[in-house]
Structures are given as structure tokens and as C-alpha cells.
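Let me begin by handing over the structure; questions about it come next.
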Amino acid sequence: MTVCREGLVCAVVCCMGINGLSTMLEYVNEVILWLPIGSQAAQSPEVEKLAQYFQDLSAQLTSTTQELVQKIQSETFVEDGKAQLQQIQAQLAPLAENMQAQLKPLAENMQAQLKPLVDNFQAQMEDLFRKLMDQTKSLGQ
């Protein structure tokens with residue numbers, strides 16, 4: 001049965017947690033350190049291959065564990081950020097509604113006061129434009 005290294009690390013993390021995985025890596029590293037010492041008498045190529053295999057396995061497990069921890073931390077960070085944004089939005093929604101309720105009458109009052117002034121200004125501009133047009137016509141004749 002073949003298992004990818006990510007699947008193996010995920011299975012170990014799920015069963016033993018991050019601390020359990022760390023303990024397992026320490027054990028593998030000890031085996032790697034003691035394997036060449038205990039086998040110095042033999043010095044066979046098989047023992048060297050086995051030692052190299054354990055070293056490679058340890059390196060893969062370590063790198064995969066680091067990658068997995070980084071992924072978990074980044075996902076947790078994003079989830080925390082989303083939760084905080086939702087809390088802020090929930091806090092600001094009533095404030096925005098309150099401000100809108102207070103500003104609406106003020107805006108309507110200002111509009112009621114400014115409408116006659118704008119209408120008067122528009123009438124004056126139209127009158128001025130008419131006078132300019134009349135003067136331009138008289139110059140052209």
C-alpha cells in the first residue's frame with residue numbers, strides 16, 4: 001500500500017496531534033543517529049542504504065510537517081480574520097442605521113432650504129444667458 005507523505009503526516013497529526021508527530025520525528029532522528037554507530041562493525045552497503053533511507057524519510061517528514069503547520073496556521077489566520085470582520089460588521093450595522101436615521105431628516109431639511117436658493121440662482125443664470133444672447137444678436141446685426 002502506497003501513501004503519499006502528506007497523507008502520512010495528516011494521518012499522524014490527526015491521530016497523535018502535532019506534539020505526537022514531533023515526538024515521532026525525534027524518535028526517527030535518534031534511530032538515524034544510532035544506526036551508523038551500532039552498525040560500524042558491519043559497514044555494509046545495505047546498512048548505509050537503510051541509514052540514508054531513514055535520513056531521507058526524516059527530512060521528508062520534517063518538511064511536510066512544517067508545510068502542514070504553515071497551512072494550518074494560515075487557514076486559522078484567515079478564519080480568525082473573517083470572524084473578526086463579521087463581528088465588526090455586526091457592531092457597525094446598528095451604528096450605520098442610527099446615523100442614517102439621524103442624517104435623513106437633516107438632509108431633507110437642507111434640501112428644503114436650498115431648493116428655493118438653487119431655483120432663484122437658476123432663474124438668474126437663465127436671465128443672464130438670455131441677456132447675453134440678446135446682446136450677441138444685436139452685435140451681429
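Bear in mind these aren't lab numbers, they're just calculated from the coordinates by the rules spelled out. This is a predicted model, so every value here is computed, not measured. Don't worry about glycine lacking a Cβ; one is built from the backbone with ideal geometry, like all the others, and counts go over all protein chains shown.
Round to the nearest 0.05 the FRET efficiency obtained for Gln73 and Leu106 when R0 = 41 Å and r is the Cβ-Cβ distance.
On the way: r = 48 Å, r/R0 = 1.17.
After rounding to 0.05, the efficiency reads 0.30.
How long are the semi-axes of the ellipsoid equivalent to the stretch 58-141, from square roots of 5 times the Cα gyration tensor eigenvalues, in whole Å, largest first? Provide the component values of the computation, followed by the final result.
Working: eigenvalues 918, 129, 3 Å².
After scaling each eigenvalue by five and taking roots: 68, 25, 4 Å.
Choose one of Leu132, Thr65, Ala51: the residue whose Cα lies farthest towards the positive end of the charge dipole of the stretch 44-139 (beta-carbon charges +1 Lys, Arg; -1 Asp, Glu; about the Cα centre).
Final value for the positive-end residue is Leu132.
Let me ask something else about it. If the cut-off is 22 Å between C-alpha atoms, which lysines fall inside it for Lys82, apart from same-chain ones fewer than 8 positions away?
Reachable lysines: Lys71.
Quote the FRET efficiency, to the nearest 0.05, computed for Lys137 versus Leu114 with a Förster distance R0 of 22 Å and r equal to the Cβ-Cβ distance. Intermediate results must be reported in sequence, preceding the final value.
On the way: r = 34 Å, r/R0 = 1.54.
According to the calculation, E is roughly 0.05.
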